[in-house]
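To keep things clear, I will list the structure first and then write my remarks on it.
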Amino acid sequence: MDDSIPVIVEQLYRYFVTEPDPRFWPDYFRDLPIQGHGLWSFYQGLCLGMQLTDACLEKV
């Protein structure tokens, strides 16, 4: 199995993954930066997936 990461994944990662910013986290994660940033990143990934799905469905 090929373990290399496709170039497009690296490009998207650099574009979408930002430095941790507590302003985007719920108050209950203010003192838990790993969980706060993880939640924010997961949410952004879901939003991106929905936008991609919507764009693809427009073409059908």
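Stretching the chain fully between Cys47 and Leu12 yields a gain of 11.2 nm (0.36 nm per residue, less the alpha carbon separation). Every helix of 4 or more DSSP H residues in the chain counts as -39500 (n - 2.57), and over all residues that averages to -20500 deg cm²/dmol at 222 nm. Remark: accessible surface ordering of Ser4, Ser41 (largest first) is Ser4, Ser41, probe radius 1.4 Å. Accessible area per residue (1.4 Å probe, heavy atoms of protein chains only) ranks Ile34, Ile5 as Ile34, Ile5, with the largest value leading. Taking label points 7 Å from Cα along the Cα-to-Cβ direction, Arg30 and Ser4 give a separation of 4.7 nm.
The angle between the Cα long axis of helix 33-58 and the main principal axis of the chain comes to about 30°, on a 0 to 90 degree scale. Comparing Leu48, Leu32, Leu12 in a Gaussian network model of the chain where C-alpha atoms under 10 Å apart are linked, the largest mean-square fluctuation is found at Leu12. Computing percent of Cα pairs over 15 Å apart directly from the structure and comparing it against (1) 52; (2) 62; (3) 41 singles out (2).
Compared with the dominant Cα axis of the chain, that is its longest principal axis, helix 7-16 is turned about 40°. On full extension, the segment bounded by Glu58 and Asp21 gains 10.0 nm, given 0.36 nm per residue less the C-alpha separation.
The values are calculated or read from the model by the stated rules, or taken from the named source; none is laboratory data. A quick note: this is a predicted structure, and the numbers were derived from the prediction, not measured. So basically every Cβ, Gly included, is an ideal-geometry build from the backbone, and we count neighbours across all protein chains shown. Side chains included, ligands, DNA and RNA excluded: accessible areas come from the protein's heavy atoms. Shrake-Rupley method; radii C 1.70, N 1.55, O 1.52, S 1.80 Å.
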